[in-house]
Structures are given as C-alpha cells and as structure tokens.
Amino acid sequence: MKEENTNKKGVKVIPLGGLEQIGMNITAFEYEDSIIVVDCGLSFPEDEMLGIDLVIPDVTYLKENISKVKGFVITHGHEDHIGSLPYVLKEVNVPIYATKLTIGIIENKLKEHNLLKSTKRKVIKYGQSINLGCFRIEFIRTNHSIADAASLAIFTPAGIIVHTGDFKVDYTPVFGSTIDLPRFAELGKKGVLALLCESTNVERPGYTMSERTVGKTFDNIFAENNKNRIIVATFASNVDRIQQIVNSAEKYGRKVVVEGRSMVNIIATATELGYITMPNNIMIDIEQMKSYPDEKIVLITTGSQGEVMAALPRMAASIHKKVSIKPGDTVIFSSTPIPGNEKSVFKVINELSMKGAKVIFQDTHVSGHACQEEIKLIYALTKPKYSIPIHGEYRHLIKHKELAQNMGIPKDNIFVISSGDVLELSEEHAGVIGKVPAQGIFVDGLGVGDVGNIVLRDRQHLSENGLLIVVVTLEKYTNQVLSGPDIVSRGFVYVRESENLMDEARNVVSDALEKCLSKNTTDWGKMKNEIKDSLSDYLWKKTKRNPMILPIIMEVN
C-alpha cells in the first residue's frame, strides 16, 4: 500500500550488527528526530581474522546523526551486548539505561577505560518506563543465563515494538522471579506492531531446561567426588551458576577459590549488589589453598571455552603460576562450546585428561536461550503484525522465519534483514528503504579500525606463503648495480638448505635488472615490478609457491 494513504510516518529499525552472526548485537530505532540504540556488543574474531582481538560495530550512522541519538538501552550484561560500549562511547557519548546488575558490570568496563566520569548512566527497574525523545521504553523481566536480563517494549508513534533481548522461560529461576509473561500478553492485547525475537536456539525443538537442574547435577558430582579437589570452569557472567556451585560447596563443606580476572570482577560486583549470597568465610584466597586438603576445595575458574589466556587452559598447559593439575582432580566444564570454539575446548580436555584429571562435561550446563516452544509462546502472547528475527546466523534467521509462518504471520510480514538495512514499519506499510554502513571494525592491540581487509589479506598471504625481500644498491646517475641483489627469506624456505634455489633467484633478479638498464629504464616503480614479476614466475615454476616479494632499491652517490 502506498504511503500517501496515511499521514503517519513509519519507525525505522536499523540493525548495525548481530545479524548473520552470533554476537555484536546493536540495533538503532529511529522516528523523525529521535534515535535510541538497543545494546552495543562486540564479537570475537573468526579464524581468518589473523591477529585481530575484537570486532566492534561501525557506528558511522550514529555519529552522523548524533544530535538525534538519545541513549543506549541495554538488555543484559553479556559481552555480545555491552562489550563495545567503551569504544563506541568515545564517539557517541550518550546516557546508558539498564538494570542494576547490568549497570554494575558496565561500570567495571568504564573504569578500565577511564570513562566513568564522562558517561551518564541510570539504573532502571522492571516495569519502569523511560522517555527518550518520542520513544517510551519499558523494561520487562525475563530469564537468561545472567541475572537482571530484560526484554523491551518500545512505544513509538507508529506502534509498539517488542525486543526480547536474549531470553528463556524459566519457571524456577535460581535468583529473582520468572519471566513476566502476563506483560507480554497485555502488550499483545494492545496490539504489537513488530516483534524482534532472538534466534540462538531456534533450531532446537522443545523447551530449555531450568537453570535449577544444574544445581542438582552439581550436588551429585560433589557427593561422588568427595575425596578429590573439584575445579569448575564456567562463564564469569553466569551469576546463577556460580551461586549453585557455592551452594553445593557449602553443603559438602568445601572452601571456594575464584580464579580468572573477569570471574573475580563479576563475583565482586554481583555479591556487592546482592545477586550472589556468599556464606560467611566460604571464600578463600588462592594463596590459602595450600592450607586445606584437596577434598575441602572447589576452584571456580574462567576458560570453559578454551581461550588461550584464560585460567583453566593455562592450568592444562602447565603455565599457571599458582595451580597445577594433579591426578585425581575432577574438572567440570559447565558450559557448551560456542560454535567455532570446539577445537580449543577439546584440546584443553585432552590436556587435562593426560595429566590424570577426571573431566565431566555432560549435564553440567543448560542454555540461557529459548528453544522453539518458548519462542512460539512469545509469538502467541504478543501476536505481532511484523516479525523481525534477530541474534543469529543466516540459517537461524531462516529457521525463525519458518517458525513465525507456522505461528500465522504472513510471509510478506516477516523480514530477514542484514546488518545495515534500514527497515521502515508502520501499520500500512513495511519494507527496506535503504542501507547504512555496518561492517565490523577490527580492534588489534590499541589500534581501532587501522587494520582493514587489505591488511588482513596481506597477513593471510604472508602466513600462507612467506616473504622475500630483494635488496639492490644502484649508483646515482649511471644506475650501475653496486651491490646485490641480496635476497632475505622469511617463512618461504630455509635458506641454508636451499642455496641453489637462492643463487638462481639472484641470477633471475640480476637478469631482470639488466633488462631494465639496457632499455634505459630509470623509473624505480617499473624496475620493482620487473623484479617482482620475473622472480615470482621463476619461484612458481620451481616451488609452486607464491611468496610476497618486496624489492628495495637504494641509491648511492
């Protein structure tokens, strides 16, 4: 239907990340002169992103429209939803709105980046609404693998948008109350224009198990391994999981040691804010561990994803300063490998097993994300006009589209969009009307955005084929070769065992120079290209390899 039938404008939904991938979630909502941004996450590099530490979203669109941007509204405190804030706030400094624990975790990050003083932040309670420009945003209680997660009801002049954030339906949560399903139903009665629902577990049928089931498993493991030291690796942010480990430790008379920087930080924040209840004197310092027998210790640590620098992988590789794995240790992996991390996780499990540890990873984790039946429940309650699957790779989004169709949403009202698409929605019409920049920006060391695709391509080339540097010294004016050509090889061949090849290569370069000088070529660019081409052809014939060749020409008076 054409827009002239109505004078009501549409609301724009602009994902700047979080589609086609799990991670880097960030979505802008725009209506006339107001923009709000939901979440601001990062993602971790893929294998081909050599040397990259993190990937953060491109916020060019927000910078260009900074006068419209009213604030960041954050659903929960996981890295893929808050990790980019310290980088993005330097360019888009607007207030942050989130629940208590989420703000606590964000503040830890801001402290590290010296941004605490310059960033406004406000703690919002469930059921509370905030007005930002022409938007009103209400925080709705949900369950997830971190406490204080929220869904958002975004009231816009074009209609109500519901953004689930990451969620599951847990009727017996460890901390706090169950998800506020009645509120979703009330919104459904009022009429929901669009539902942005997460897709992480959309391929899994049924329901996600309650977090409490893990507590029972821990109790059984503690009872069975009452002669051994127990080491549990889990996500630092899974506060409820940590609470259950502490509960089992108290029940079986063990002291708790915490290892890993992020784990120490989050437990301190969560305990201070009342999200973890620590029995008196149960926590001991890692230095005091020696004073207790093994069967009186449980060590909670980071590294359940096999991250090289985290505590557990360092213990497994015998490079941890304070903890050595011994035969008889019981190591529990209380997480599932994130797609792509399987190799690293199994490597750590193998290393631990070789040291005589008993490794347990069955039934010690439940997901924090909704499976198909829970996603259907949210659709049934909210009855949205439009469905916009979010938080997932393309295969997840397509599966989500099928599910939405099964829930009675017309095919034309379901939008599987890409990061950077501008989707405009109103009661009368909906469609993608444009595109904004949304490529991830690479963070390498202290450099943000200074490594792009060309640098990565060079790194790939160097890592696969090595490097040859050709050095030649010419006399000024006459262009006679005074010394060289010398060839330095790095990562191509071991020079001492390939003397013939290197001698031949030098001859090839000499011939190329002769050819140039006989034509009276004085343009160094042409000389370098001639050297590169002839040497490259020769090496390909001889070795079927294609190293990067860097000719360096020097001039002497």
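Of the residues His396, Ser34, Leu187, the one whose Cα sits farthest towards the positive end of the charge dipole of the chain is Leu187 (charges of +1 on Lys and Arg Cβ, -1 on Asp and Glu Cβ, taken about the Cα centre).
Pairs Lys168/Lys216; Lys70/Lys411; Lys125/Lys385; Lys322/Lys358: which are spaced more than 25 Å apart, C-alpha to C-alpha? Over 25 Å Cα-Cα: Lys70/Lys411; Lys125/Lys385.
Cross-link partners for Lys526 among the lysines, with Cα-Cα distance under 27 Å and sequence neighbours closer than 8 places in the same chain left out: Lys476, Lys515, Lys541, Lys542, Lys544.
Only DSSP H runs of four or more residues enter the estimate; each adds -39500 (n - 2.57), and after division by the residues of the chain the mean residue ellipticity at 222 nm equals -9500 deg cm²/dmol. If the Kirkwood radius is taken over C-alpha pairs of the stretch 212-360, then at 10 °C and 1.306 mPa s the Stokes-Einstein diffusion coefficient equals 104 µm²/s. Sorting 125-132, 159-166 by their mean Cβ neighbour count within 10 Å, with the most densely packed peptide first, gives 159-166, 125-132.
Tell me which residues come under 5 Å, amide H to amide H, from Met24 once H is placed; ignore anything under 5 positions away on its chain. For Met24, whose amide H was placed from the backbone, the distant partners under 5 Å are Leu42, Ser43. Which shape class, rounded, prolate or oblate, goes with the stretch 339-419 when its Cα gyration tensor gives a ≥ b ≥ c as root eigenvalues, a/c under 1.5 marks rounded, and past that a/b bigger than b/c marks prolate? Prolate, because a/c is 1.5 or more and a/b exceeds b/c. Taking Rg and Dmax of the Cα atoms in Å straight from the coordinates, which label in [x] 36.3, 151; [y] 23.0, 80; [z] 29.0, 89 is the correct one? So the structure-derived entry is [z]. The magnitude of the dipole of the chain, with charges of +1 and -1 set on the Cβ of Lys/Arg and Asp/Glu and taken from the Cα centre, is near 1140 debye. Taking 23 Å as the limit for the C-alpha separation, the pairs Lys63/Lys383; Lys12/Lys435; Lys68/Lys90 exceed it in the case of Lys63/Lys383.
Given a Förster distance of 51 Å, report the FRET efficiency between Glu504 and His429 from their Cβ-Cβ distance, rounded to the nearest 0.05.
Efficiency for this residue pair is about 0.15.
Length gained on full extension, Tyr171 to Ser262: 29.9 nm, using 0.36 nm per residue less the C-alpha separation. Projecting the Cα positions of Ser536, Leu517, Val308 onto the charge dipole of the chain (unit charges on Cβ atoms of Lys, Arg, Asp and Glu, taken about the Cα centre) puts Val308 furthest along the positive direction.
Bear in mind these aren't lab numbers, they're just calculated from the coordinates by the rules spelled out. Quantities reported herein were computed from a predicted structural model and do not represent experimental measurements. Positions of Cβ are backbone-derived with ideal geometry, glycine not excepted, and every protein chain shown enters the neighbour counts.
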